[in-house]
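Peer 1: Dropping a structure here in structure tokens format, bear with me for questions.
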Amino acid sequence: MLENIRLAFQGVWDHKLRSILTMLGIIIGIGSIIAIVSTIKGTNEQIKENLVGSGNNAVNIQLYQGEWTLDLSYQSPPDGVPLISSEVLEEIRDLDEVAEASLYYTRNEYDAVSNGVQTLTGGTILGVDANYFDVYGYQVTKGRGFVEKDFADYRKVVLLDKIAASNLFSGTDPIGKTIEIKGEPFTVIGLISKKATAQPVINSMEDYYRYMSNSSSGVVCVPDTVWPIIYRFDEPQNLVVQAVSTDAMTDAGEKSAAVLNAYLTVSDDTIRYKGEDLLEQANQLQELSNATNQQLIWIASISLLVGGIGVMNIMLVSVTERTREIGLKKALGAKKSKILVQFLTEAAVLTLMGGILGIIVGIILAYVISGISSAPVAISGPAIAVAVAFSTLIGVVFGMVPSVKAANMNPIDALRHE
Amino acid sequence: MILRLDHIFKDYMQDKMVVPVLKDVTLHVERGEYVAIMGPSGSGKTTLMNIIGCLDIPTSGTYQLNGNDLKDCGDNELSQIRNQSIGFVFQTFNLLPKQTARDNVALPLLYAGVSRRERLERAEKALEKVGLSDRVDFKPTQLSGGQKQRVAIARAIVTNPDILLADEPTGALDSASGRQVMELFGKLNKEGMTVIMITHDAEIASHAKRVMMIRDGILSGMNGVKVSAGRRDVQEEDGGDAVWEEYAGGEEETQFEGEE
Ligand SMILES: Nc1ncnc2c1ncn2[C@@H]1O[C@H](COP(=O)(O)OP(=O)(O)O)[C@@H](O)[C@H]1O
Ligand SMILES: [Mg+2]
């Protein structure tokens, strides 16, 4: 076998130009498939990353009425929805899929935040507990974060994200300055941003589309203990959990929601907690892009088929050309199977080399495409393995007819062949 | 008896016509013999050699090699016999042009399942035996005709076959290289190799210890002419009687005259 492979490589080397031309179909086919798959994978990973967050695996658990979330900005909470106690929170933390859980209040407000000169025309006000930043993957980039005393002493301190900071302070250092939230004065103690700085803060489909349309409003964070100072009464909290892994996000959301639902005593049984299944939504988006690209792969496969037929054609020519060699080898005692394996190996080595060149071409092509369309590239290991295996298989399949022809050659006729 | 062909017939089909090529050929060869088979072009020499070499099967008749009847041998068994019992030398050398002399000679050992290291070792030994130790890494295009044929002979003997079968081994060589090849055959035969050589050249045939004639598919000169030292025996079908010339010279000066 080793000898066959050696001979096959020598054969390819001895006929460099012909080998390259023979491989061309395979190179193009494998190359375009690798390029497409890499671009798909890159796009998919981008979708997933954008939607699911940069590896923080945060899942929002929200109260739904039927298909829609209950927006507490517009309606008061229904009876039978208890506050989430710290015991219930512990219960959720104990779930296998949940790494960390956090409660928070949130309001989308217009014209509620100002520093006396500038006013935020839109934005989100968050009342957070000590875990929230970890769960959501925020980090403090300037100043300090919340400390225990902020919560315990009901300190009126506030953290701003980059957008809120620049809208309110337009470039000047906001730390130590005072802003008003619904008329209450708060001291700015720091700036926050999402950990993966290149990635946008996206926690929902709405955020995703907002990000996609390139608009974003600021985020203003206060300790949850001071929430009643702004809003006067205890509101139901929102829950966010951090799943142990991206794949556990769906389960983490469902199980956390189930824990909360067990405490509901609402009369309207369409009111339920539900995990916002971003993973599922990401998958749907990905499937959409997969479906379009699947068709491209089919087209590329046709060029592989053409490439395979090209290999068969050249191998048939080669078998005829080498009739005397085959006759000689048979005279020297080569069994049919030896001749068969020799030619199959040759075909497989040819297509395998075509496949490897195709992979290289495909990767280059993927980077060229991404350069043009700014879609990211993710080279897929399994796709490369499949390409290698598949190109070898093409050689074996399309090499079969010529190889059988060679193996069945009559040695006398072969030796007589001029 | 190493080789026993009895009443071999071989027909070819051509344009739906049966063409008889070998007609009742009987040939017995003892181990260590050196037999030449002579005959004009188209008389069936190569056909006979193909049958002896297990490349072809007779239409009828029996063929025993080393006491085994080859009638029931399948394709794989015939391949194995060709590999282990027969060494072929062709008129046109049939070397693989892209491979070195060493690799060419080692080729039959590949089909015998010998390891690469041993293959190359034995190939070098065989090349040494034909006097080409200094040409092991040469490719056929870098060799003269005589050298090419000696590489081919090395390839034929590398497996230590029972029979060396040569079909017009000097047909493509000048007389000097032809003589070298004949010397080599003589030497191999002296070492015990059974040699069957096909030729249409009487001078070449005279190197053999027994000469047979084939004419129009009929082999003659079969019966009981014993080989004795320094004497070549020739029998021809024409006239029915054996006609031979005695000579007592060295091999180089040997002159052979066949009478019609
Ligand atoms: N495969 C074949 N098909 C038909 N006829 C053949 C075939 N092989 C040989 N012959 C015929 O058999 C005869 C003997 O051929 P061959 O044995 O090659 O002769 P030689 O070697 O003595 O010159 C020739 O007439 C040739 O045409
Ligand atoms: Mg002939």
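Peer 1: For residue A:187 and residue A:144 in the same chain, what is the full-extension length gain: residue separation times 0.36 nm, less their Cα-Cα distance, in nm?
Peer 2: 14.3 nm
Peer 1: Given Cα pairs under 8 Å that are at least 6 residues apart, what percent is the relative contact order of chain A? It would help to have the intermediate numbers written out before the result.
Peer 2: On the way: 743 pairs, mean separation 128.1, N = 418.
Here the relative contact order equals 31 percent.
Peer 1: To continue, here is another question. Bin width 10 Å, origin at 0, all Cα-Cα pairs of chain A: what percent of pairs per bin?
Peer 2: Per 10 Å bin, starting at 0, the Cα pair percentages come out as 4, 17, 20, 15, 11, 10, 9, 7, 4, 2, 0.
Peer 1: Can you list the residues, at least 5 places off or on another chain, whose amide H is less than 5 Å from the amide H of residue B:88, using H built in the peptide plane?
Peer 2: Under 5 Å from the amide H of residue B:88: B:165.
Peer 1: Residues with beta-carbon under 13 Å from that of residue A:240, excluding residue A:240: net charge, scoring Lys, Arg +1 and Asp, Glu -1?
Peer 2: In short, -4.
Peer 1: Divide by every residue of chain A the summed helix terms, -39500 (n - 2.57) for each DSSP H run of at least 4, and state the resulting mean residue ellipticity at 222 nm, rounded to the nearest 500 deg cm²/dmol.
Peer 2: Helices in chain A give a 222 nm mean residue ellipticity of -18000 deg cm²/dmol.
Peer 1: What value in Å³ per residue do you get for the convex hull of the alpha-carbon atoms in the stretch B:1-70?
Peer 2: Looking at the stretch B:1-70, the number lands at 84 Å³ per residue.
Peer 1: In chain A, which helices (entire DSSP H runs) extend 30 Å or more along their own long axis, judged by Cα positions, while averaging at least 0.0 on the Kyte-Doolittle scale?
Peer 2: Both cut-offs are met by A:16-52, A:278-321, A:336-373, A:381-407.
Peer 1: Right, next: Kindly rank B:101-108, B:60-67 from highest to lowest mean number of other beta carbons found within 10 Å of each residue.
Peer 2: Averaged packing, sorted descending, gives the order B:101-108, B:60-67.
Peer 1: So, one more: Spelling out what I want: for every residue of the stretch A:105-117, take phi, set θ = phi - 60°, compute 6.51 cos²θ - 1.76 cosθ + 1.60 (Karplus), and round to whole Hz; glycine and proline get x.
Peer 2: With coefficients 6.51, -1.76 and 1.60, one gets 9, 8, 9, 9, 10, 10, 6, 9, 10, 8, 10, x, 9 Hz.
Peer 1: At 1.4 Å probe size, with every protein chain present, just tell me what the per residue accessible area of the stretch B:1-120 comes to in Å².
Peer 2: Value for the stretch B:1-120: 44 Å² per residue.
Peer 1: Here's another thing I want to ask about it. Need one number: buried accessible surface between chains B and A, 1.4 Å probe, both sides summed, DNA, RNA and ligands left out, in Å² to 100.
Peer 2: 2200
Peer 1: Give the long-range amide H neighbours of residue A:237: residues separated by 5 or more places, or on another chain, with amide H under 5 Å away, using H modelled in the peptide plane at 1.01 Å from N.
Peer 2: Amide H to amide H, under 5 Å and 5 or more residues apart or across chains, residue A:237 pairs with A:84.
Peer 1: Same structure again: Partner chain Cβ atoms within 10 Å, averaged over the residues of A:406-414 - can you pull that number for me?
Peer 2: Working: counts 0, 1, 1, 0, 2, 8, 7, 1, 1.
Counting other chains' Cβ atoms within 10 Å and averaging over A:406-414 gives 2.
Peer 1: Pull up all non-local amide H partners of residue B:61: gap of 5 or more, or a different chain, and H-to-H distance under 5 Å with H placed in the peptide plane.
Peer 2: Amide H neighbours of residue B:61: B:9.
Peer 1: Distance from the Cα centre of the stretch B:1-76 to that of the stretch A:122-173, in angstrom?
Peer 2: About 101 Å separates the Cα centre of the stretch B:1-76 from the one of the stretch A:122-173.
Peer 1: Please sort A:376-385, B:164-173 by packing, taking for each peptide the average over its residues of neighbouring beta carbons within 10 angstrom, highest first. If you can, show how the numbers build up before the last one.
Peer 2: Numbers: A:376-385: 15.5, B:164-173: 22.3.
Averaged packing, sorted descending, gives the order B:164-173, A:376-385.
Peer 1: Within the stretch A:130-197, what whole-number % of the accessible surface is contributed by carbon and sulfur, with the 1.4 Å probe and all protein chains included in the calculation?
Peer 2: C and S atoms contribute 51 percent here.
Peer 1: Right, next: Looking at this model, which pairs from A:330/B:10; A:149/A:177; A:338/B:23 are more than 23 angstrom apart at the alpha-carbon?
Peer 2: Numbers: A:330/B:10 21 Å; A:149/A:177 20 Å; A:338/B:23 35 Å.
In this structure, A:338/B:23 lie more than 23 Å apart at Cα.
Peer 1: What average number of partner chain Cβ atoms lie no more than 10 Å from the Cβ of the residues making up B:141-154?
Peer 2: 0
Peer 1: Distance from the Cα centre of the stretch B:136-156 to that of the stretch B:160-183, in angstrom?
Peer 2: Between the Cα centre of the stretch B:136-156 and that of the stretch B:160-183, the gap is 12 Å.
Peer 1: Next question. First compute the accessible area of chain B with a 1.4 Å probe, then give the percent of it belonging to carbon and sulfur atoms.
Peer 2: Carbon and sulfur together cover 46 percent of it.
Peer 1: Students often check this: by mean Cβ neighbours within 10 Å, which of A:217-230, A:116-129, A:9-22 ranks highest, and how do the rest follow?
Peer 2: Most protected by this proxy first, the peptides run A:217-230, A:116-129, A:9-22.
Peer 1: Mind computing the radius of gyration and Dmax over the alpha-carbon atoms of chain B? Å is fine for both.
Peer 2: 18.2, 56
Peer 1: Here is a further query. Peptide A:321-331: average number of partner chain Cβ atoms within 10 Å per residue?
Peer 2: Counting Cβ atoms of other protein chains within 10 Å of each residue's Cβ and averaging gives 5.
Peer 1: Of A:371, A:29, A:310, which has the largest mean-square fluctuation in a 10 Å C-alpha GNM of chain A?
Peer 2: For chain A, modelled as a Gaussian network with Cα springs under 10 Å, the answer is A:371.
The values are calculated or read from the model by the stated rules, or taken from the named source; none is laboratory data. This is a predicted model, so every value here is computed, not measured. Note: ideal-geometry Cβ built from the backbone for every residue, glycine included; neighbour counts use all protein chains shown. The protein model used for the area step is the full one, side chains on, heavy atoms only, and it has no ligands, DNA or RNA in it. Shrake-Rupley method; radii C 1.70, N 1.55, O 1.52, S 1.80 Å.
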